[in-house]
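Undergrad: Sharing a structure, written as structure tokens. Questions coming.
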Amino acid sequence: LLKTTQEKRELFMNDMLERQSWINKLLQFEKAERLTREMVDVLIQSINLSGNNKIDISYKFSNLFDEIILNGGVCVE
């Protein structure tokens, strides 16, 4: 039981560090008025274009975006 609890705590702490890193990256660009190459490199995983003029953008932290939206703007674990 103690080992399981320690493992869960470690996973939680790693997750929180990753989230804080993501938040810091977003805050870095908070006042930007234009999309820059640096922003693309930091935030975007891939951009896919299809033959019917559809653009699909995959963000590096899209799971976190989805979770925040689903929780009413609150990041919870």
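The values are calculated or read from the model by the stated rules, or taken from the named source; none is laboratory data. Note that this is a predicted model, so its numbers are computed, not measured. Quick reminder, even Gly has a Cβ in these numbers, built from the backbone with ideal geometry, and neighbours come from all protein chains shown. Accessible surface areas use protein heavy atoms only, side chains included; no ligands, DNA or RNA. Shrake-Rupley method; radii C 1.70, N 1.55, O 1.52, S 1.80 Å.
Undergrad: Fully extended, how many nm does the chain gain between Phe29 and Asn14 (0.36 nm per residue separation, minus their Cα-Cα distance)?
TA: Separation in residues times 0.36 nm, less the Cα-Cα distance, equals 3.0 nm.
Undergrad: Further question on the same structure: On a 1.4 Å probe surface of the protein chains, which of Met13, Met39 comes out largest in accessible area, and what is the full order?
TA: The ranking, largest first, comes out as Met13, Met39.
Undergrad: Counting every Cα pair in the range 1-45, what percent are over 13 Å apart?
TA: When every Cα pair of the range 1-45 is considered, 65 percent fall beyond 13 Å.
Undergrad: Which ³J(HN,Hα) values in Hz, rounded to whole numbers, follow from the phi angles of the range 27-33 under the Karplus curve 6.51 cos²θ - 1.76 cosθ + 1.60, where θ = phi - 60° and Gly and Pro get x?
TA: Coupling constants for the range 27-33: 5, 4, 9, 3, 9, 5, 9 Hz.
Undergrad: What distance in nm separates the two pseudo spin-label positions at Asn52 and Arg37, each 7 Å out from Cα along the beta-carbon direction?
TA: With each label placed 7 Å out from Cα toward Cβ, I get 3.4 nm.
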